[in-house]
Amino acid sequence: MIPAMIENRTFDEIAIGDTASVARTLTEQDIQLFALVSGDVDPEAMDPAFAKTDAYQSIIAHGMWGGGLIARVLGMELPGPGALYLSQSLRFTHPVRIGDTITASVTVTEKRPEHHVVRLDCRCVNQHGESVIDGEAEVQAPTAKIRHARMTLPDVQIARHDRYRALLDSVAGGEPVATAIVHPCDAASISAAADAAQRGLIAPILIGPRARIIAAAAGAGVDIAGFRLIDSAHSHAAATQAVALVRAGEAQLLMKGALHTDELMSAVLASDGLRTDRRLSHVYLMDVPSYPRPLLITDAAINIVPKLEDKADIVRNAIDLAHAIGIACPRIAILAAVETINPQMRSTLDAAALCKMADRGQIVGGVIDGPLAFDNAVSPDAARDKGIVSPVAGVADILVVPDLEAGNMLAKQLTFLAGADAAGIVLGARVPIILTSRADSERTRIASCALAVLMARTRATPKKAAA
(Lines give C-alpha, C1' and ligand atoms only; values in the text may rest on other atoms or scores of the structure.)
Protein backbone atom coordinates (compact mmCIF):
# COMPACT_ATOMS: atom_id res chain seq x y z
CA MET A 1 0.00 0.00 0.00
CA ILE A 2 1.31 3.48 -0.89
CA PRO A 3 1.88 5.48 2.33
CA ALA A 4 -0.35 8.50 2.83
CA MET A 5 2.57 10.70 3.90
CA ILE A 6 5.86 11.62 2.21
CA GLU A 7 8.90 12.03 4.44
CA ASN A 8 12.41 12.91 3.34
CA ARG A 9 15.78 11.75 4.61
CA THR A 10 18.11 14.55 5.63
CA PHE A 11 21.81 14.53 4.84
CA ASP A 12 22.62 13.41 8.38
CA GLU A 13 20.11 10.55 8.21
CA ILE A 14 21.44 9.19 4.91
CA ALA A 15 24.05 6.45 5.04
CA ILE A 16 26.21 4.95 2.30
CA GLY A 17 24.42 1.87 0.98
CA ASP A 18 20.93 3.26 1.56
CA THR A 19 18.62 2.39 -1.34
CA ALA A 20 15.13 3.13 -2.62
CA SER A 21 13.16 2.02 -5.66
CA VAL A 22 9.89 2.40 -7.52
CA ALA A 23 8.26 0.33 -10.29
CA ARG A 24 5.93 1.28 -13.12
CA THR A 25 4.56 -0.37 -16.27
CA LEU A 26 5.03 1.60 -19.48
CA THR A 27 1.78 2.31 -21.35
CA GLU A 28 1.04 3.92 -24.68
CA GLN A 29 -0.55 6.84 -22.83
CA ASP A 30 2.74 7.38 -20.95
CA ILE A 31 4.49 7.82 -24.28
CA GLN A 32 1.80 10.17 -25.55
CA LEU A 33 2.04 12.30 -22.40
CA PHE A 34 5.83 12.46 -22.56
CA ALA A 35 5.67 13.51 -26.21
CA LEU A 36 3.13 16.19 -25.31
CA VAL A 37 5.20 17.59 -22.44
CA SER A 38 8.52 17.42 -24.27
CA GLY A 39 7.16 18.82 -27.52
CA ASP A 40 8.53 15.84 -29.46
CA VAL A 41 5.86 15.68 -32.17
CA ASP A 42 8.03 14.20 -34.90
CA PRO A 43 5.54 12.45 -37.23
CA GLU A 44 7.48 9.21 -36.92
CA ALA A 45 7.47 9.43 -33.15
CA MET A 46 3.70 9.98 -33.02
CA ASP A 47 2.80 7.34 -35.63
CA PRO A 48 1.16 4.36 -33.84
CA ALA A 49 2.73 1.90 -36.30
CA PHE A 50 6.23 3.32 -35.82
CA ALA A 51 5.62 3.44 -32.07
CA LYS A 52 5.79 -0.36 -31.98
CA THR A 53 9.44 -0.40 -33.06
CA ASP A 54 12.52 -0.41 -30.84
CA ALA A 55 13.81 2.73 -32.56
CA TYR A 56 10.89 4.80 -31.32
CA GLN A 57 10.85 3.40 -27.82
CA SER A 58 14.60 3.60 -27.34
CA ILE A 59 14.30 7.37 -27.84
CA ILE A 60 11.04 8.23 -26.11
CA ALA A 61 10.69 5.48 -23.51
CA HIS A 62 14.29 5.79 -22.35
CA GLY A 63 13.86 9.54 -22.10
CA MET A 64 10.77 9.07 -19.97
CA TRP A 65 12.19 6.44 -17.64
CA GLY A 66 15.74 7.83 -17.53
CA GLY A 67 14.72 11.40 -16.80
CA GLY A 68 11.42 10.76 -15.05
CA LEU A 69 11.29 7.53 -13.09
CA ILE A 70 14.72 7.94 -11.48
CA ALA A 71 13.87 11.56 -10.69
CA ARG A 72 10.72 10.31 -8.99
CA VAL A 73 12.77 8.07 -6.66
CA LEU A 74 15.17 10.90 -5.83
CA GLY A 75 12.42 13.46 -5.31
CA MET A 76 9.97 11.26 -3.42
CA GLU A 77 12.01 8.62 -1.62
CA LEU A 78 15.77 9.19 -1.34
CA PRO A 79 16.57 11.88 -0.34
CA GLY A 80 12.97 12.95 -1.01
CA PRO A 81 11.34 16.39 -0.66
CA GLY A 82 13.82 19.24 -0.48
CA ALA A 83 16.52 17.53 -2.55
CA LEU A 84 18.16 19.60 -5.28
CA TYR A 85 19.14 17.83 -8.51
CA LEU A 86 22.76 18.70 -9.44
CA SER A 87 23.74 16.29 -12.24
CA GLN A 88 22.93 12.98 -13.86
CA SER A 89 24.77 10.66 -16.24
CA LEU A 90 22.88 7.71 -17.72
CA ARG A 91 23.59 4.92 -20.20
CA PHE A 92 20.78 3.20 -22.09
CA THR A 93 21.63 -0.48 -22.40
CA HIS A 94 18.44 -2.21 -23.58
CA PRO A 95 15.21 -1.20 -25.41
CA VAL A 96 12.14 -0.33 -23.36
CA ARG A 97 8.80 -1.40 -24.85
CA ILE A 98 5.15 -0.73 -24.12
CA GLY A 99 4.06 -3.25 -21.49
CA ASP A 100 7.47 -3.49 -19.81
CA THR A 101 7.49 -3.10 -16.03
CA ILE A 102 10.53 -1.05 -15.09
CA THR A 103 11.96 -0.91 -11.58
CA ALA A 104 14.11 2.16 -10.97
CA SER A 105 16.42 2.07 -7.97
CA VAL A 106 19.05 4.39 -6.48
CA THR A 107 21.80 3.49 -4.02
CA VAL A 108 23.95 5.96 -2.05
CA THR A 109 27.64 5.53 -2.93
CA GLU A 110 29.21 8.71 -1.53
CA LYS A 111 28.49 11.59 0.86
CA ARG A 112 30.32 14.92 0.79
CA PRO A 113 29.64 17.15 3.83
CA GLU A 114 30.56 20.29 1.93
CA HIS A 115 27.30 21.53 0.42
CA HIS A 116 25.64 18.27 1.61
CA VAL A 117 26.19 16.48 -1.71
CA VAL A 118 25.12 12.85 -2.12
CA ARG A 119 26.21 10.66 -5.06
CA LEU A 120 23.91 7.77 -5.99
CA ASP A 121 24.16 4.81 -8.32
CA CYS A 122 21.08 4.71 -10.59
CA ARG A 123 19.73 1.61 -12.25
CA CYS A 124 16.57 0.51 -14.12
CA VAL A 125 15.73 -3.13 -14.84
CA ASN A 126 12.77 -4.66 -16.69
CA GLN A 127 10.50 -7.47 -15.57
CA HIS A 128 13.05 -10.02 -16.84
CA GLY A 129 15.81 -8.59 -14.69
CA GLU A 130 17.59 -7.09 -17.70
CA SER A 131 19.35 -3.79 -17.12
CA VAL A 132 17.89 -1.07 -19.37
CA ILE A 133 19.50 2.01 -17.80
CA ASP A 134 22.47 2.53 -15.52
CA GLY A 135 24.39 5.60 -14.39
CA GLU A 136 24.93 8.07 -11.58
CA ALA A 137 23.26 11.13 -10.11
CA GLU A 138 24.34 13.84 -7.69
CA VAL A 139 21.89 15.70 -5.46
CA GLN A 140 22.11 18.23 -2.69
CA ALA A 141 20.37 16.56 0.23
CA PRO A 142 18.05 18.57 2.51
CA THR A 143 19.16 19.43 6.00
CA ALA A 144 15.69 20.02 7.43
CA LYS A 145 13.07 17.37 8.01
CA ILE A 146 10.06 17.59 5.68
CA ARG A 147 6.89 15.54 6.06
CA HIS A 148 3.64 16.21 4.22
CA ALA A 149 0.60 14.46 2.80
CA ARG A 150 1.02 12.69 -0.51
CA MET A 151 -0.74 14.65 -3.24
CA THR A 152 -3.21 12.95 -5.56
CA LEU A 153 -2.05 12.93 -9.15
CA PRO A 154 -4.34 14.64 -11.67
CA ASP A 155 -6.53 12.41 -13.80
CA VAL A 156 -5.20 13.08 -17.31
CA GLN A 157 -6.88 11.74 -20.44
CA ILE A 158 -5.55 12.00 -23.97
CA ALA A 159 -7.83 12.28 -26.98
CA ARG A 160 -5.77 10.12 -29.32
CA HIS A 161 -8.36 9.94 -32.12
CA ASP A 162 -7.64 6.26 -32.73
CA ARG A 163 -11.23 5.57 -33.76
CA TYR A 164 -11.14 8.55 -36.13
CA ARG A 165 -8.10 7.05 -37.83
CA ALA A 166 -9.73 3.62 -37.87
CA LEU A 167 -12.81 5.09 -39.59
CA LEU A 168 -10.69 6.71 -42.30
CA ASP A 169 -8.68 3.52 -42.71
CA SER A 170 -11.90 1.54 -43.21
CA VAL A 171 -12.80 3.54 -46.34
CA ALA A 172 -9.30 4.15 -47.67
CA GLY A 173 -8.34 2.81 -51.07
CA GLY A 174 -11.81 2.50 -52.58
CA GLU A 175 -13.28 4.44 -55.47
CA PRO A 176 -14.46 7.94 -54.52
CA VAL A 177 -18.24 8.00 -54.17
CA ALA A 178 -20.13 10.41 -56.41
CA THR A 179 -21.65 12.98 -54.06
CA ALA A 180 -24.14 15.72 -54.88
CA ILE A 181 -23.12 18.83 -52.89
CA VAL A 182 -26.20 21.01 -52.53
CA HIS A 183 -25.65 24.78 -52.76
CA PRO A 184 -21.95 24.92 -51.68
CA CYS A 185 -21.91 28.70 -51.72
CA ASP A 186 -19.84 29.45 -48.63
CA ALA A 187 -16.27 28.74 -47.55
CA ALA A 188 -17.21 26.01 -45.05
CA SER A 189 -19.22 23.84 -47.44
CA ILE A 190 -16.92 24.22 -50.45
CA SER A 191 -13.90 23.47 -48.24
CA ALA A 192 -15.62 20.40 -46.79
CA ALA A 193 -16.24 19.04 -50.28
CA ALA A 194 -12.69 19.76 -51.41
CA ASP A 195 -11.12 18.23 -48.28
CA ALA A 196 -13.12 15.03 -48.64
CA ALA A 197 -12.25 14.83 -52.33
CA GLN A 198 -8.57 15.34 -51.61
CA ARG A 199 -8.66 12.35 -49.26
CA GLY A 200 -10.23 10.23 -51.99
CA LEU A 201 -13.55 9.82 -50.20
CA ILE A 202 -15.95 11.52 -52.61
CA ALA A 203 -16.18 12.77 -56.17
CA PRO A 204 -18.02 16.09 -55.70
CA ILE A 205 -20.81 17.28 -57.97
CA LEU A 206 -21.34 20.94 -57.10
CA ILE A 207 -24.92 22.11 -57.59
CA GLY A 208 -25.92 25.74 -57.17
CA PRO A 209 -25.48 29.22 -58.68
CA ARG A 210 -22.26 28.95 -60.69
CA ALA A 211 -21.02 32.47 -59.93
CA ARG A 212 -21.56 32.10 -56.19
CA ILE A 213 -19.86 28.69 -56.05
CA ILE A 214 -16.84 30.00 -57.95
CA ALA A 215 -16.66 33.05 -55.68
CA ALA A 216 -16.90 30.89 -52.55
CA ALA A 217 -14.11 28.61 -53.83
CA ALA A 218 -11.90 31.60 -54.59
CA GLY A 219 -12.54 33.07 -51.16
CA ALA A 220 -11.66 29.76 -49.50
CA GLY A 221 -8.60 29.20 -51.68
CA VAL A 222 -10.06 25.97 -53.05
CA ASP A 223 -9.38 24.66 -56.55
CA ILE A 224 -12.61 23.25 -58.00
CA ALA A 225 -11.42 22.96 -61.59
CA GLY A 226 -11.63 19.17 -61.46
CA PHE A 227 -15.17 19.03 -60.05
CA ARG A 228 -18.39 18.71 -62.01
CA LEU A 229 -20.43 21.90 -61.56
CA ILE A 230 -24.16 22.13 -62.31
CA ASP A 231 -25.56 25.63 -62.48
CA SER A 232 -28.76 26.20 -60.52
CA ALA A 233 -30.74 29.35 -59.93
CA HIS A 234 -31.08 29.08 -56.14
CA SER A 235 -30.83 26.71 -53.18
CA HIS A 236 -34.32 25.22 -53.58
CA ALA A 237 -33.65 24.37 -57.20
CA ALA A 238 -30.23 22.97 -56.24
CA ALA A 239 -31.82 20.59 -53.73
CA THR A 240 -34.34 19.38 -56.32
CA GLN A 241 -31.61 18.83 -58.92
CA ALA A 242 -29.42 16.97 -56.43
CA VAL A 243 -32.26 14.61 -55.58
CA ALA A 244 -32.86 14.02 -59.29
CA LEU A 245 -29.19 13.12 -59.74
CA VAL A 246 -29.46 10.51 -57.02
CA ARG A 247 -32.65 9.06 -58.50
CA ALA A 248 -30.90 8.84 -61.85
CA GLY A 249 -28.00 6.93 -60.30
CA GLU A 250 -25.45 9.69 -60.97
CA ALA A 251 -24.79 10.29 -57.27
CA GLN A 252 -24.71 7.89 -54.33
CA LEU A 253 -24.52 10.49 -51.55
CA LEU A 254 -26.08 13.85 -50.71
CA MET A 255 -24.15 16.54 -48.86
CA LYS A 256 -25.65 19.71 -47.41
CA GLY A 257 -24.06 23.01 -48.36
CA ALA A 258 -25.04 26.57 -47.47
CA LEU A 259 -28.78 26.03 -47.17
CA HIS A 260 -31.12 25.27 -44.31
CA THR A 261 -31.58 21.61 -43.39
CA ASP A 262 -35.37 21.90 -43.78
CA GLU A 263 -34.95 23.04 -47.38
CA LEU A 264 -32.83 20.03 -48.26
CA MET A 265 -35.10 17.62 -46.38
CA SER A 266 -38.14 19.02 -48.18
CA ALA A 267 -36.68 17.93 -51.52
CA VAL A 268 -35.64 14.55 -50.11
CA LEU A 269 -39.14 13.87 -48.71
CA ALA A 270 -41.08 15.07 -51.76
CA SER A 271 -43.19 12.55 -53.67
CA ASP A 272 -40.47 12.36 -56.32
CA GLY A 273 -37.70 12.47 -53.73
CA LEU A 274 -35.68 9.82 -51.91
CA ARG A 275 -38.14 8.46 -49.37
CA THR A 276 -38.17 4.81 -48.31
CA ASP A 277 -40.37 2.92 -45.88
CA ARG A 278 -38.17 4.27 -43.10
CA ARG A 279 -38.43 7.50 -41.17
CA LEU A 280 -35.40 9.73 -41.75
CA SER A 281 -33.19 10.22 -38.70
CA HIS A 282 -29.79 11.61 -37.83
CA VAL A 283 -27.13 9.56 -36.07
CA TYR A 284 -23.99 10.93 -34.44
CA LEU A 285 -21.00 8.65 -34.12
CA MET A 286 -19.02 9.94 -31.13
CA ASP A 287 -15.49 9.06 -30.05
CA VAL A 288 -15.49 10.13 -26.40
CA PRO A 289 -12.00 9.94 -24.82
CA SER A 290 -13.35 8.70 -21.48
CA TYR A 291 -15.66 6.05 -23.01
CA PRO A 292 -14.15 2.69 -24.00
CA ARG A 293 -16.20 2.16 -27.16
CA PRO A 294 -17.77 4.13 -30.04
CA LEU A 295 -21.00 5.83 -28.98
CA LEU A 296 -23.93 6.48 -31.32
CA ILE A 297 -26.45 9.21 -30.39
CA THR A 298 -29.77 9.60 -32.15
CA ASP A 299 -31.75 11.69 -33.11
CA ALA A 300 -30.12 15.08 -32.68
CA ALA A 301 -30.96 16.90 -35.92
CA ILE A 302 -34.10 15.76 -37.78
CA ASN A 303 -37.02 14.60 -35.62
CA ILE A 304 -38.03 17.31 -33.16
CA VAL A 305 -40.51 15.38 -31.01
CA PRO A 306 -40.64 11.86 -32.45
CA LYS A 307 -43.62 9.61 -31.84
CA LEU A 308 -43.29 5.95 -30.88
CA GLU A 309 -43.37 4.72 -34.49
CA ASP A 310 -40.76 7.34 -35.39
CA LYS A 311 -38.52 6.16 -32.56
CA ALA A 312 -38.76 2.59 -33.82
CA ASP A 313 -37.28 3.69 -37.15
CA ILE A 314 -34.72 5.89 -35.37
CA VAL A 315 -33.55 2.75 -33.56
CA ARG A 316 -33.50 0.69 -36.76
CA ASN A 317 -31.42 3.29 -38.59
CA ALA A 318 -28.92 3.43 -35.74
CA ILE A 319 -28.65 -0.36 -35.71
CA ASP A 320 -27.84 -0.31 -39.44
CA LEU A 321 -25.04 2.16 -38.82
CA ALA A 322 -23.71 0.16 -35.89
CA HIS A 323 -23.55 -2.93 -38.09
CA ALA A 324 -21.71 -0.97 -40.80
CA ILE A 325 -18.98 0.12 -38.37
CA GLY A 326 -18.49 -3.42 -37.11
CA ILE A 327 -20.74 -3.68 -34.03
CA ALA A 328 -22.47 -6.99 -34.71
CA CYS A 329 -25.03 -6.79 -31.90
CA PRO A 330 -25.26 -3.20 -30.60
CA ARG A 331 -26.59 -2.48 -27.13
CA ILE A 332 -29.26 0.21 -27.36
CA ALA A 333 -30.24 2.35 -24.36
CA ILE A 334 -33.54 4.22 -24.60
CA LEU A 335 -32.85 7.32 -22.53
CA ALA A 336 -35.15 9.11 -20.11
CA ALA A 337 -34.65 11.12 -16.95
CA VAL A 338 -35.35 8.05 -14.82
CA GLU A 339 -34.97 4.31 -15.17
CA THR A 340 -38.48 3.37 -14.06
CA ILE A 341 -41.80 3.58 -15.88
CA ASN A 342 -43.66 6.79 -15.04
CA PRO A 343 -47.04 7.35 -16.73
CA GLN A 344 -46.45 11.10 -16.50
CA MET A 345 -43.28 10.83 -18.62
CA ARG A 346 -43.95 9.78 -22.19
CA SER A 347 -40.28 8.97 -22.76
CA THR A 348 -40.47 6.13 -20.21
CA LEU A 349 -43.61 4.69 -21.83
CA ASP A 350 -42.02 4.85 -25.28
CA ALA A 351 -38.93 3.11 -23.92
CA ALA A 352 -41.01 0.27 -22.51
CA ALA A 353 -42.90 -0.09 -25.80
CA LEU A 354 -39.69 -0.16 -27.86
CA CYS A 355 -38.31 -2.91 -25.64
CA LYS A 356 -41.46 -4.96 -26.14
CA MET A 357 -41.29 -4.36 -29.91
CA ALA A 358 -37.79 -5.80 -29.84
CA ASP A 359 -39.03 -8.78 -27.82
CA ARG A 360 -41.66 -9.46 -30.51
CA GLY A 361 -39.23 -9.17 -33.42
CA GLN A 362 -40.45 -5.79 -34.68
CA ILE A 363 -36.98 -4.35 -34.12
CA VAL A 364 -34.05 -6.68 -34.79
CA GLY A 365 -30.29 -6.59 -34.90
CA GLY A 366 -29.49 -5.39 -31.38
CA VAL A 367 -30.28 -5.62 -27.68
CA ILE A 368 -32.59 -2.89 -26.35
CA ASP A 369 -33.27 -1.76 -22.79
CA GLY A 370 -34.97 1.23 -21.27
CA PRO A 371 -35.89 3.52 -19.84
CA LEU A 372 -32.36 4.21 -18.66
CA ALA A 373 -31.02 7.48 -17.32
CA PHE A 374 -27.85 8.68 -19.02
CA ASP A 375 -25.58 7.73 -16.12
CA ASN A 376 -27.03 4.22 -15.94
CA ALA A 377 -26.59 3.79 -19.67
CA VAL A 378 -22.87 4.61 -19.82
CA SER A 379 -21.52 3.93 -16.31
CA PRO A 380 -21.32 0.38 -14.93
CA ASP A 381 -20.81 1.87 -11.45
CA ALA A 382 -23.98 3.98 -11.69
CA ALA A 383 -25.97 0.99 -12.93
CA ARG A 384 -24.61 -1.20 -10.15
CA ASP A 385 -25.32 1.43 -7.48
CA LYS A 386 -28.96 1.55 -8.56
CA GLY A 387 -29.25 -2.23 -8.74
CA ILE A 388 -29.95 -2.30 -12.46
CA VAL A 389 -29.29 -5.71 -13.98
CA SER A 390 -29.21 -5.37 -17.75
CA PRO A 391 -27.07 -6.38 -20.75
CA VAL A 392 -27.19 -2.72 -21.85
CA ALA A 393 -26.83 -0.65 -18.67
CA GLY A 394 -23.35 0.79 -18.31
CA VAL A 395 -22.11 -0.49 -21.66
CA ALA A 396 -24.44 1.07 -24.23
CA ASP A 397 -23.33 1.41 -27.85
CA ILE A 398 -26.36 3.47 -28.94
CA LEU A 399 -28.17 6.18 -26.98
CA VAL A 400 -31.69 6.96 -28.20
CA VAL A 401 -32.73 10.34 -26.81
CA PRO A 402 -36.32 11.44 -26.07
CA ASP A 403 -36.30 14.37 -28.49
CA LEU A 404 -34.10 16.51 -30.71
CA GLU A 405 -33.29 19.08 -28.04
CA ALA A 406 -31.95 16.43 -25.67
CA GLY A 407 -29.90 14.80 -28.42
CA ASN A 408 -28.50 18.05 -29.76
CA MET A 409 -27.42 19.23 -26.31
CA LEU A 410 -25.94 15.85 -25.38
CA ALA A 411 -23.88 15.59 -28.58
CA LYS A 412 -22.60 19.15 -28.31
CA GLN A 413 -21.73 18.76 -24.63
CA LEU A 414 -19.65 15.70 -25.43
CA THR A 415 -17.95 17.55 -28.30
CA PHE A 416 -17.19 20.85 -26.61
CA LEU A 417 -16.76 19.80 -22.97
CA ALA A 418 -15.51 16.21 -23.21
CA GLY A 419 -13.30 16.61 -26.28
CA ALA A 420 -15.22 14.02 -28.31
CA ASP A 421 -14.77 13.56 -32.03
CA ALA A 422 -18.10 13.51 -33.88
CA ALA A 423 -19.38 12.37 -37.24
CA GLY A 424 -23.01 12.59 -38.27
CA ILE A 425 -25.20 11.43 -41.14
CA VAL A 426 -28.88 11.15 -41.95
CA LEU A 427 -30.22 7.66 -42.64
CA GLY A 428 -33.53 6.30 -43.84
CA ALA A 429 -33.43 7.82 -47.34
CA ARG A 430 -32.29 6.03 -50.48
CA VAL A 431 -28.77 7.29 -49.82
CA PRO A 432 -26.95 8.58 -46.74
CA ILE A 433 -27.07 12.36 -46.32
CA ILE A 434 -24.15 14.37 -44.91
CA LEU A 435 -25.19 17.42 -42.89
CA THR A 436 -22.33 19.88 -42.51
CA SER A 437 -22.29 22.99 -40.36
CA ARG A 438 -20.13 26.08 -40.24
CA ALA A 439 -19.39 25.20 -36.60
CA ASP A 440 -18.06 21.77 -37.54
CA SER A 441 -14.33 21.19 -37.38
CA GLU A 442 -12.46 19.81 -40.37
CA ARG A 443 -12.15 16.52 -38.46
CA THR A 444 -15.94 16.32 -38.06
CA ARG A 445 -16.58 17.10 -41.73
CA ILE A 446 -14.09 14.49 -42.92
CA ALA A 447 -15.35 11.87 -40.46
CA SER A 448 -18.97 12.49 -41.54
CA CYS A 449 -18.01 12.00 -45.18
CA ALA A 450 -16.11 8.83 -44.32
CA LEU A 451 -19.09 7.49 -42.39
CA ALA A 452 -21.45 8.19 -45.30
CA VAL A 453 -19.05 6.54 -47.74
CA LEU A 454 -18.89 3.48 -45.50
CA MET A 455 -22.69 3.26 -45.41
CA ALA A 456 -23.00 3.78 -49.15
CA ARG A 457 -20.65 0.87 -49.76
CA THR A 458 -22.07 -1.55 -47.20
CA ARG A 459 -25.82 -1.09 -46.87
CA ALA A 460 -28.85 -1.68 -49.05
CA THR A 461 -31.98 0.47 -49.11
CA PRO A 462 -33.52 0.07 -45.63
CA LYS A 463 -36.84 -1.69 -45.22
CA LYS A 464 -39.18 -1.56 -42.25
CA ALA A 465 -39.35 -4.78 -40.23
CA ALA A 466 -42.62 -6.65 -40.43
CA ALA A 467 -45.13 -5.74 -37.77
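The values are calculated or read from the model by the stated rules, or taken from the named source; none is laboratory data. Keep in mind the model is a prediction, meaning the values are calculated, not measured. Here the Cβ is made from the backbone with ideal geometry for all residues, glycine too, and neighbour counts use every protein chain on show.
Take residues that are at pLDDT 90 or above and under 30 Å from residue 325 (Cβ atoms) and tell me which of the strands (runs of 3 or more DSSP E) falling wholly in the range 92-173 contain 3 or more. Even if it seems obvious, please write down each step before you answer.
Numbers: elements: 101-112, 117-125, 131-140, 147-149.
Those strands (runs of 3 or more DSSP E) do not exist here; none qualify.
With the condition being touching a residue at least 12 places away in the same chain (Cβ under 8 Å), hydroxyl-bearing (Ser, Thr, Tyr) and within 26 Å of residue 309 (Cβ to Cβ), I'd like the strands (runs of 3 or more DSSP E) fully within the range 181-299 carrying at least 2 qualifying residues.
Values: elements: 202-208, 228-231, 253-256, 281-287, 295-298.
Correct list: 281-287.
Scan the range 300-315 residue by residue and report those that are outside any loop (DSSP other than H, G, I, E, B) and out of contact with any strand residue (DSSP E or B) (no Cβ under 9 Å at 6 or more places or on another chain). Break it down stepwise before answering.
Taking the range 300-315 and keeping what is outside any loop (DSSP other than H, G, I, E, B), we get 308-315.
Once the filter is applied, which keeps residues that are outside any loop (DSSP other than H, G, I, E, B) and out of contact with any strand residue (DSSP E or B) (no Cβ under 9 Å at 6 or more places or on another chain), the range 300-315 yields 308, 309, 312.
Which one is surrounded by the most Cβ atoms within 10 Å (Cβ to Cβ) among residues in the range 291-319 that are under 20 Å from residue 404 (Cα atoms) and charged (D, E, K, R)? So that I can check it myself, show each step before the final result.
Step one: list which residues in the range 291-319 are under 20 Å from residue 404 (Cα atoms), which gives 295-319.
Subset that is charged (D, E, K, R): 299, 307, 309-311, 313, 316.
Numbers: 299: 30, 307: 11, 309: 12, 310: 17, 311: 27, 313: 24, 316: 23.
Ranking the qualifying residues of the range 291-319, first place goes to 299.
Sort through 222, 305 and tell me the only one that's modelled with pLDDT of 95 or more, within 32 Å of the chain's Cα centre (by Cα) and not small (Gly, Ala, Ser). Lay out the reasoning, then the answer.
On the way: 222 fails: modelled with pLDDT of 95 or more.
On inspection, the qualifying residue turns out to be 305.
Residues to consider are 422, 411, 418, 406; find the one that is closer than 26 Å to residue 351 by Cβ, touching a residue at least 12 places away in the same chain (Cβ under 8 Å) and part of a loop (DSSP other than H, G, I, E, B). Spell out how you get there, then give the answer.
Numbers: 422 fails: part of a loop (DSSP other than H, G, I, E, B); 411 fails: part of a loop (DSSP other than H, G, I, E, B); 406 fails: part of a loop (DSSP other than H, G, I, E, B).
Exactly one of 422, 411, 418, 406 is closer than 26 Å to residue 351 by Cβ, touching a residue at least 12 places away in the same chain (Cβ under 8 Å) and part of a loop (DSSP other than H, G, I, E, B), namely 418.
Out of (1) within 28 Å of residue 275 (Cα to Cα); (2) surrounded by 16 or more Cβ atoms within 10 Å (Cβ to Cβ); (3) over 28 Å from the mean Cα position of the chain (by Cα), what's the single condition that is false for residue 359?
All conditions are met except number (2).
May I ask you to verify whether residue 313 is within 30 Å of residue 256 (Cα to Cα) and in contact with an Asp or Glu (Cβ under 6 Å, 6 or more places away or on another chain)? Break it down into steps so the answer makes sense when it comes.
Values: within 30 Å of residue 256 (Cα to Cα): yes; in contact with an Asp or Glu (Cβ under 6 Å, 6 or more places away or on another chain): no.
In short, no.
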